[in-house]
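Take a look at the structure below.
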Amino acid sequence: MFVHDENSKKKRLSHIAFIMDGNGRWAKKRGLPREAGHTEGAKTFMRVAEYCFAGGIDTVTIYAFSTENWKRPPHEVKAIMTLFASYLKRGIKEMTERNMHVTFLGDKAPFDPDTRELMERIERESAKNRYKLNIAVNYGGRAEIVNAVNRLASKGITEFSEELIESELYTAGQRDPDLIVRSAGELRLSNFLTWQSVYSEFHFTDTLWPDFGESDVDAAVDAYYSRTRRFGGVV
Ligand code: FPP
């Protein structure tokens, strides 16, 4: 289990975010359909979140489905949505048992009414739980900012500030991610947490997401504590 470097309060790792990439390659390597990679990836997601919370991290954010992922072949989108729906059905019980407070980041409008209702119910019923779990679905960082500005405009606001825009983001009231981890070797952000990531630290690993385990989290946390965060100032 990783340990926190408690020397500097400013640096304490409180919020970690994951881009879970590599499910498709993991399946391909085994001669399996891509969907099998997503099934395995969904299990990894729950294990990793639990491990982070057990290690004293307060918030875990996971990028499950982007606004661009709808462009995938229809059978793959369908498989991901079915997987997502089955997690939601088990969700209320599991999240409560694990003391997780779930928020879905993203536009819920394209989901079918049952799925939407379930997402809202999980958010409501887990609201008093201790550990913050954000699941980004149908999420795009640019779309999130546009949505925030439109919401402000619809209230008649014509002059914007960072604080006002932040108050309408899906993550309103939450701390920005201290660390963003991406699996499977790609070195990009792919429209994830565009606003919130401006001072995040980044950690990239070649491990494919379904293989991502405790030692990968430990390595990411170690890398984080080896950095000096200056937030534009001087240390
Ligand atoms: C990235 O791997 C993975 C996705 C875009 C989808 C992940 C979705 C799930 C695991 C399903 C449900 C989510 C929850 C929260 C239960 P990739 O397909 O881009 O992999 P590749 O780059 O190797 O092709």
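Residues whose amide H falls under 5 Å from that of Leu189, counting only those 5 or more places apart or on a different chain, are absent, with hydrogens built in the peptide plane. Each residue of segment 205-216 is assigned a 3J(HN,Hα), and the resulting list reads 9, 7, 4, 6, 3, x, 8, 5, x, 4, 5, 6 Hz, derived from the Karplus form 6.51 cos²θ - 1.76 cosθ + 1.60 (θ = phi - 60°), x at Gly and Pro. The alpha-carbon of Lys29 sits under 19 angstrom from the alpha-carbons of these lysines, leaving out residues fewer than 8 places away in its chain: Lys43. Near Ser66, the amide H atoms lying under 5 Å from its own belong to Asn138, Tyr139; only residues 5 or more places off or on other chains count, and H is placed 1.01 Å from N. Centre-to-centre separation between the Cα atoms of segment 11-38 and those of segment 170-197: 15 Å.
Note on the chain: with neighbouring protein chains present and a 1.4 Å probe, carbon and sulfur make up 52 percent of its accessible heavy-atom surface. Among Gly24, Gly140, Gly173, the largest mean-square fluctuation in a Gaussian network model of the chain, built with springs joining Cα atoms closer than 10 Å, belongs to Gly173. In this structure Lys89 has an accessible area near 150 Å², from a 1.4 Å probe over the protein heavy atoms.
If you run the Gaussian network model on the chain, springs between alpha carbon atoms under 10 Å, then out of Val60, Val146, Val48 the most flexible one is Val146. So which aspartates and glutamates pass the test for Lys132, namely a Cα distance under 17 Å, with those fewer than 8 places away in the same chain ruled out? Within the straight-line limit of under 17 Å, Lys132 reaches these aspartates and glutamates: Glu50, Asp58, Glu94, Glu97, Glu120, Glu123, Asp176, Asp178. These residues, Arg182, Arg124, Arg227, go from largest to smallest accessible area, 1.4 Å probe, as Arg124, Arg227, Arg182.
Rounded to the nearest Hz, the phi-derived 3J(HN,Hα) couplings of segment 229-234 under the Karplus curve 6.51 cos²θ - 1.76 cosθ + 1.60 (θ = phi - 60°) are 9, 10, 6, x, x, 10, where x marks glycine and proline.
The shape of the chain can be summarised by an equivalent ellipsoid whose semi-axes, obtained from the alpha carbon gyration tensor, come to 26, 24, 18 Å from longest to shortest. Solvent-accessible surface of segment 1-67, averaged per residue with a 1.4 angstrom probe and all protein chains in place: 44 square angstrom. Annotation: per residue accessible area for segment 98-138 equals 48 Å², rounded to a whole number [probe 1.4 Å, protein chains only].
Per-residue Karplus couplings for segment 113-118, computed as 6.51 cos²θ - 1.76 cosθ + 1.60 with θ equal to phi - 60°, are listed in order as x, 5, 5, 4, 4, 5 Hz, Gly and Pro entered as x. Near Leu32, once Lys and Arg are set to +1 and Asp and Glu to -1 for all other residues with Cβ below 12 Å from its Cβ, the sum equals +3.
Structure remark: mean-square fluctuation, Gaussian network model of the chain, C-alpha springs under 10 Å; the largest value among Phe202, Phe111, Phe53 belongs to Phe111.
Using the 1.4 Å probe convention, the accessible area of segment 167-212 works out to 42 Å² per residue with neighbouring protein chains retained. Excluding same-chain neighbours fewer than eight residues apart, the lysines reachable from Lys155 by a Cα-Cα span under 25 Å are Lys108.
The values are calculated or read from the model by the stated rules, or taken from the named source; none is laboratory data. The shown structure was predicted, so the numbers you read here are calculated from the model rather than taken from an experiment. Glycine gets a Cβ as well: all are built from the backbone with ideal geometry, and neighbour counts include every protein chain shown. All accessible areas refer to the heavy atoms of the entire protein, side chains included, with ligands and DNA or RNA removed. Shrake-Rupley method; radii C 1.70, N 1.55, O 1.52, S 1.80 Å.
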